[in-house]
1. Whole angstrom only: what separates the Cα centroid of segment B:3-34 from the Cα centroid of segment B:103-136?
2. Among A:331, A:301, A:315, flag the residue with its Cα farthest along the positive direction of the charge dipole of segment A:260-331, charges on Cβ as +1 for Lys/Arg and -1 for Asp/Glu.
3. Using Cα pairs closer than 8 Å and at least 6 residues apart in sequence, work out the relative contact order for chain A, in percent.
4. Please report the projected area of segment A:53-273's Cα convex hull averaged over all directions, in nm².
5. Sorted by packing (mean other beta-carbon atoms within 10 Å per residue), highest first, where do A:21-32, A:310-321, B:287-298 land?
6. Just how large is the dipole of segment B:1-76 about the Cα centre, in debye to the nearest 20, putting +1 at every Lys and Arg Cβ and -1 at every Asp and Glu Cβ?
7. Other chains near A:13-23: what is the mean number of their Cβ atoms within 10 Å of each residue's Cβ?
8. What are the equivalent ellipsoid semi-axes of segment B:236-395, built from the alpha-carbon gyration tensor (square roots of five times its eigenvalues), in whole angstrom, biggest first?
Amino acid sequence: MQIQPILAALRKHRLATILIALEIALACSVLCNACSMIASRLSAMHIDSGVDEASLGFIALEGFDPKQASDLNARVVAGLGAIPGMQSVHVINSVPFGPQAGAAGITLDQAGKQHGGVPEFYVGDPGTPEALGLRLVAGHMPAADDYQPITNFVPSNSRVLITRTLAEHLWPGANPLGKEFWTGPFQFRVIGVVDNLAIQQYDEEGEHGAQWTVFVPGLPGPQLAGTYLIRANPQDLDRVMTEAKAAIARIAPDAVLDYDNSHTIGELRHRFFQSDRAMAGLLVGVIVALLGVTAFGIVGLASFWVAQRRKQIGIRRALGATRADILRYFQTENFLIVTFGIVVGVVLAVGINLVLMKFFEVPRLPLWYLPIGVVALWLLGQLAVLVPALRASNVPPVVATRSV
Amino acid sequence: MFGYYLDLAIHSLKRNRLLTVLMVLAIAIGIGASMTTLTVMHLLSGDPLPGRSAHLFYAQVDGDPTPDYKHTEPPDALDYQSAVDLWNARRADRQALLVDSQIKAYAPVAGRPPLMLMMLSTTSDFFPMFEVPFEYGSAWTSQDDANRARVAVISSDLNDKLFGGKDSVGKTLRLKDSVVRIVGVLKPWRPSPQFYDVRGGRFSQGDTASFYTKPEDVFTPFFTGLEINDGNFYQFNCWMPPPNPGHLVNSPCNWLGLWVELGSAAKVVSYREFLNSYAQQQKALGRIRYTEARLRDLMQWLDFNQVVPKNVKLQTWLAFAFLAICLFNTVGLLLAKFLRRGGEIGVRRALGASSRAVFAQCLTEAGLIGFIGGVGGWLLTLLGLWLVRHQQTPYSDLVQMDVSMFLTTFALAIVVSLLAGALPAFRASRIAPALQLKTL
């Protein structure tokens, strides 16, 4: 197959060639960036919360008198615990994907000079880590005497669990067990490391901080009240959750159920990623529409060229070119145009990504997306040109003999 | 002449239906996508108080004396002392102190469960400053502010819910442990964004949809609210843990907003000087350490907080990139269509049509495609907006097409198609008549 005559022909149709190449270039750049954005949203949605999501639910109450907090806790734990199928009820300040309950900057020294980032704090009553299903990777779970009354926010001196990610961030390479950190006057000593425990309000941009959490053992009281972790078998959970919400009016008529936040963790997670799902869906829609429009553009233009060159095709056929030759001519032509477009498109894709990274904190485009986008567009071009090219190959040689 | 061109255009469009449908579809999809996002942008980035916003300012001083971070920008909220000092100075035409909190309210009818409401505690200037519309009654007076009167204004939603939409002025409402008398009921009021509560946008990483929630349901005088809901206030930030969480009066926390109305440029200058001198004076007294102060007008404050959610901006860019692709596509197809009619154009030229006439004829055809595409685009936009309305975002209920966006849809469609048609039409108008006639 000679490329020279094709290039010569394209040179005569410079404008149309440039247009279609530019369309391919734009499509290539949008395709690569949209795919990368979809991937980053999807990977954000698959974050491991570190807890047994299928078995857990969260009940939040508002509007109760803090002076009655201990009484309320006792009533709710006993009342919800009586629901058939309920495995356990714990007082916890929040759950992954639940309302943000406490984030505080920590320091690695008492003087507050060496900053260690801003992790989120979970506070729960005895048995909470086990109920959450946290997976311990080092140290031990809090013992009964580690659970202390909360003076203000957390106990003033607590023995805590932290996540593996936070441990590696705070003390890279060192054994975190027994290490200490502070936030203001509060002192924490690490007694155990858990595999994962996602923060409450995860934000997809701060992925590295998504597992920066501390679990503080505490005893229920005025500072830890009104928010409960319930656990049931996965198949019972929906029913237990519904019954628990209904039971609150009877158990705690003095409080108001926070309908917005009282859900199973699965539902909280689903809701939390709703906008990401919508955005990913939108991007998929854009990609489909984009590829469709590009393909139609190629079909339209190729059909035009085929119609315009009917006579030349007939002459080539009369001079001995086979149908396959004609087919290959149009396919090669399309391949060349798409390749021009792709070369520009790849540069454009990286450029757009740099701009997006600057203004929208979009992650860097993984370079291996580029070859995938390139191959996808080559295939699209070949598919789109197939119908007009087949039509061209069916032009009979006799056309050459008709009026000139 | 235009009528004739239109006839020719319709005739030509009918002749090659597939190509016509492809072009109309491309334009309709491109317009639909870009107008959907543009309408959402238009709703979210608009001026919530046109004509007044330039006179409304958000005051900031830095009450945090800790050297933990660079104090290049004062915090987004004021501490109690600074806020009340600035408000008491009354150096502006009007001034509104404000803070919102969640409060438990009891329905006036026995047997219904209590409910949690958002309450805005503010001063009486709030209502005239922000042109809040009243259905019944009126705002409280500055005397009520001073007396910490147990009065309240309620939203039209809450009035519908509790009093069936009837005039409830004079009725009472139990908020937590206090009883307040209703003095006013608002008309439906839905500023976009809920600008007076906007803060912290720069820390939200573009996730700012919450700035578009509905206004609070209960409004009480500022000091009344602090008393009746004591223990339930949330800080913007604290530089030391507050001794009594939820009670923030005189605590080491920033939690209050102060809006001022300044009617002229001279007043703005003098208020800015006042803010700076206040900061200097407090520094001299040793209460604060950093004297950065800011006075941004409403739109500057919204810009500073980057109120338009990042997702929406990204979608807008995406939609316009998509429109550009549709545009290129249409250029290619029009080029094919016009040049294919070389013979016909050659005859017209030979019969005396000027190249300008051919150009006008081709553009008419492009414009007609744009118009039809615009109708399709408008329908697709309505579909797109319907989809946005069914997403669970705080601004879903705001999303609808107004007249200006309706007109923009068609204007954009026709401009885009004329742009797309210009180059092919120019090429067509330069067809040499003789050459074409020979091949007929």
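1. Going from one Cα centre to the other spans 54 Å.
2. With unit charges placed on the Cβ atoms, the residue in question is A:315.
3. Across chain A, relative contact order equals 28 percent.
4. Mean projected area for segment A:53-273: 11.6 nm², to one decimal.
5. Answer by packing, highest mean first, reads A:21-32, B:287-298, A:310-321.
6. Here the size comes out at about 940 debye.
7. Mean partner shielding for this stretch: 5.
8. Three semi-axes, in Å: 63, 23, 13.
Read-outs throughout are calculated quantities, based only on the coordinates presented, and are distinct from any laboratory measurement. A quick note: this is a predicted structure, and the numbers were derived from the prediction, not measured. Glycine gets a Cβ as well: all are built from the backbone with ideal geometry, and neighbour counts include every protein chain shown.
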